[in-house]
Structures are given as structure tokens and as C-alpha cells.
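No value in this document is a laboratory result; all are computed from the given coordinates. This is a predicted model, so every value here is computed, not measured. Here Cβ is always computed from backbone atoms with ideal geometry, including for glycine, and neighbour counts include all displayed protein chains.
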Amino acid sequence: MDDAPEIGELVPPDRTLMGPGPSDVHPRVLRAMATPLVGYLDGFYVEMMNDATEALRYLFRTENEHTLAVSGTGSAAMETAFANLVEPGETVLVPSNGYFGERMGEIAARAGGDVVTVDAPWGEPLDPAAVERAFDEHSPTVFGFVHGETSTGVRQTDVPELTRIAHANDAYAIADTVASLGGVEFHTDEWEVDVVYSGSQKCLSAPPGASPITLNDRAMEKVRSREEPVRSWYLDLEGVWEYWGDDPSYHHTGPVSTTYALREALRMVVEEGLESTWERHERVAGALVAGVEAMGVGLNVAEEHWLPTLNPVRVPSAVDDGAVVDRLLAEHGIEIVSGLGALEGEVFRVGCMGHSARPAKALGFVSAFGSALSAAGADVDPEAGIAAAGRALDDDR
Ligand SMILES: *Cc1c(COP(=O)(O)O)cnc(C)c1O
């Protein structure tokens, strides 16, 4: 017994999660997670998966039959998309203008794809003309793009144009909406995106671990007619669908508690109304940005590509971004993060997603951020920021 470890009681600190995810989880979702388990083939569980599927179709704006939640985080959904769609030797086009576009390339390469990139600077979206040129040059069969790039805070607009280019070249379009679905407008069917995946812990206010994905019939046909089996047994959609589809049989154990949580989170999106959740994210993030700008700090993204769910706030000159991030957490319990890759030291990444996208959270952030910046020696006007954020919320009502 001498070496029995001493493990204290689990008491998480009180945080407001305003980084790139996870975001705050609604108490209703936490409660759903704490309810008793049932077996993964219990009629109750099967009904719950069906409810979740209906709600996911609403969330994705799709009628796709193959709509489900992958057992794992957003990266597992990303891997599901590429592992199933890409066969060894196929050419896969991915963006180079952010961290998650680059991750697509790593995953596609492990699936045996020959990865080529369409380039844009970090902080800018892909230009459809550049995508068109990349198609002419490389003839990819699969094209991935990121709708909301969390590393840069850029929203990829022109989605219908991107899918048009892909289809004109007989290719498949895969969209990453991990940080945007449920927070920012997205239309799977209307925009003709073949595969769309997301995550649960960003705009949906659920814990990580059950990640939405949808495939149209054309994409599923490609999966079914593969010459070589998917290299991942766990994420092979034909196997996974034996469980998630009609007449479920065992493939792997459904993550019961996280699926309960996702179902409750989706129920809340349906209650609020999808358009209303988009409006809320835009209104609350708009107030946050108005506050930051009024105190004298700008965003590192052009207005037409602003992604309300992830705001890249410029680090004022001579300010140590790490010290500000640390101070926000230590003094105010607010989590934001620093920039990555090409934007390291250039921006703070301030999330405004899901249950964190609420007026009180935005106001609290602007106030705490102003004081943390002042403490770090920045020449900012915190009072002006607080007033502007409050006004923006009032005006919008
Ligand atoms: C967070 C994120 C991912 C990865 O999701 P995990 O849940 O961390 O695995 C992928 N793409 C984007 C755009 C993200 O923001």
C-alpha cells in the first residue's frame, strides 16, 4: 500500500472558455451526460441516435441519408472524411492558409493520397481563381477546404463557387466546419458540398467526443466502390453505418454519455432555431469586436471574411501576448489563446462559440482584456471598449 497514489477530489477551476474550443457547456448538456447508461443496442439508445440524426440533418441543412456522429473529436471526423474518400494514389487538393488545412494534408497523405496545395497567405481565404488554377495544374479527385479556419479566424466565402469548380472537374468537395457549424451560416445541400464534418465542443456547447459528419449519395457511392478497404478499421464508414444506420448491429460501442450530450445540445439548437443561433453568434461577437476596436486594437482579418466564432485580435506593439493570455486566465478565469504558425505573436485568438457566445461573456471579456492589456503596458482605452461593447449589444436589440 506504500506506493498507493494520492489522488485528490476533482474540482475543475471556474473558467470561461473563449479560446478556439472547447467552449462552455450548457448545464442542460452536463445534466444529460450524467444520466444513466443503457446498452448500445437498447431500443432507447437506437431511438436517441435517430433523434440525433434528425437534428443533425437540420443543423447541416441537408437531406443526406448518411448523416451521423463519429466517435471521436473533430479530427476523427476529418480523418473519417479523408480516409473514406481518398484511395491510395489519388490526388488530393488542400489549402495551405491555416493549421487545419495543413492537417487535412497530413491525414490525406496517410490515407495514401498524393497531396497538393492551393496557396493563400495565413489570414486570407482561398481565392476561387487560385483553386481553379490548382485544378488545371494537378487534376485532383478530392478537394478539402476549411469553412472556418480556427488558426486564422478567416471565414471561407464563395463556397458554392468552390464546389462548382470541384464538380466541373469530377472531384469531390470536403468541408471542415468544426469551428463554424451551428455558429455561422452553412448550407450543405444548397451549396452542394459532398462531405461536411464538424465537432461538438465548439459552436454546439457540448463536450468533445461525438463529431457530426454528413455525406451525399455521390460521396457514399465513391466510398462503396473503393478498390482497397479503408485503411482505418474504426473509421470505415461502411462498418460505422452498420451501427448508426437503420437496423443497427454492433460495430463498436457507441460513446453513450457523449452522444446523450450531443443530442441535448442539438435539441437546444432546434429550440433556439438555427438562424437565431447564427444571429446570436454574429451579434455577440460583433459587440466583442466593437469593444476591442474602440479600445484601440484591430482584427487581423478583412471584414467580409470575419468569422464571428473566432476573432483574431492583433497583439498591440511591444505587448507580450503570452503574459496577457496568462493574466486573463489567472485573474479572470477567461481562456483565450495565442496565434499559431505564421500568426504566432501577431494575434490573440478569441473564440465566441456556443454557450460562450452570450452578451455577459462578451462584456466580461472586453473588460478583462482591457485591464490585462493595460497591465501589459499597451496604450489602450479600456473604458471606451466597455462602453462600445455595451452600446453594440443595446443597438442590436
Ligand atoms: C478544432 C478544430 C479541428 C480539430 O478538432 P478536434 O476536436 O480538436 O479534434 C479541426 N478543424 C477545425 C477548423 C477546428 O477548429
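Convex hull volume of the Cα atoms in region 120-222, per residue, in Å³?
Hull volume over Cα atoms, normalised by residue count, gives 102 Å³.
DSSP beta bridges confined to region 1-157 are antiparallel in about 20 percent of cases.
At 0.36 nm per residue, minus the direct Cα-Cα distance, what do E344 and E124 gain on full extension? Give it in nm, one decimal, please. Kindly include the intermediate steps, with their values, before the conclusion.
Details: separation 220, 0.36 × 220 = 79.20 nm, distance 1.55 nm.
Between E344 and E124, full extension yields an extra 77.6 nm.
Explain nothing, just the number: relative contact order of the chain, from Cα pairs under 8 Å at least 6 residues apart, as a whole percent. Can you show the working numbers first?
On the way: 838 pairs, mean separation 87.9, N = 397.
Relative contact order of the chain: 22 percent.
Label separation (R358 vs D381): 3.1 nm, computed from points 7 Å beyond Cα along the C-beta direction.
Rounded to the nearest 500, what is the chain's calculated 222 nm mean residue ellipticity when only DSSP H runs of at least 4 contribute -39500 (n - 2.57) each, over all residues?
My calculation for the chain gives -13500 deg cm²/dmol from helical runs alone.
For E190, E238, E227, the sequence from fewest to most other C-beta atoms within 10 Å is E227, E190, E238. When all alpha carbon pairs of the chain are counted in 20 Å bins from zero, the resulting P(r) reads 28, 55, 17, 0 %. Helix 382-395 and the longest principal axis of the C-alpha atoms of the chain enclose an angle of approximately 60°. Each residue in C203, C352 was given a count of other beta-carbon atoms within 10 angstrom of its own, and listing them fewest first yields C352, C203.
Our note on the geometry: Cα centres of region 9-78 and region 119-162, 29 Å apart.
For region 1-143, the relative contact order comes to 16 percent (Cα pairs under 8 Å, sequence separation of at least 6). Placing dummy labels 7 Å off each Cα toward the beta-carbon, the span from E271 to R133 is 5.0 nm. In terms of the Cα gyration tensor, with a ≥ b ≥ c the square roots of its eigenvalues, is region 273-395 rounded because a/c is under 1.5, prolate because a/b exceeds b/c, or oblate? Taking the square roots of the gyration eigenvalues as a ≥ b ≥ c, region 273-395 is prolate.
Here the average projected area of the convex hull drawn through the C-alpha atoms of region 193-321 stands at 12.2 nm².
Cβ crowding within 10 Å ranks K222, K202 as K222, K202, fewest other Cβ atoms first.
Charge dipole (Cα centre; +1 on Lys/Arg Cβ, -1 on Asp/Glu Cβ; no other charges) of the chain amounts to roughly 760 debye.
Between the Cα long axis of helix 256-272 and the first principal axis of the chain there is an angle of about 70°, rounded to the nearest 10.
Applying the criteria of a DSSP loop state and at most 14 other Cβ atoms within 10 Å to the GluC sites (Glu not before Pro) of region 324-397 yields E344. Relative to the longest principal axis of the Cα atoms of the chain, the long axis of helix 43-60 makes an angle of roughly 70 degrees. Per residue, the average separation of C-alpha pairs within less than 8 Å and at least 6 apart gives region 273-395 a relative contact order of 37 percent.
What the Cβ-Cβ distance of E190 and E9 gives, at R0 = 51 Å and to the nearest 0.05, is a FRET efficiency of 0.55.
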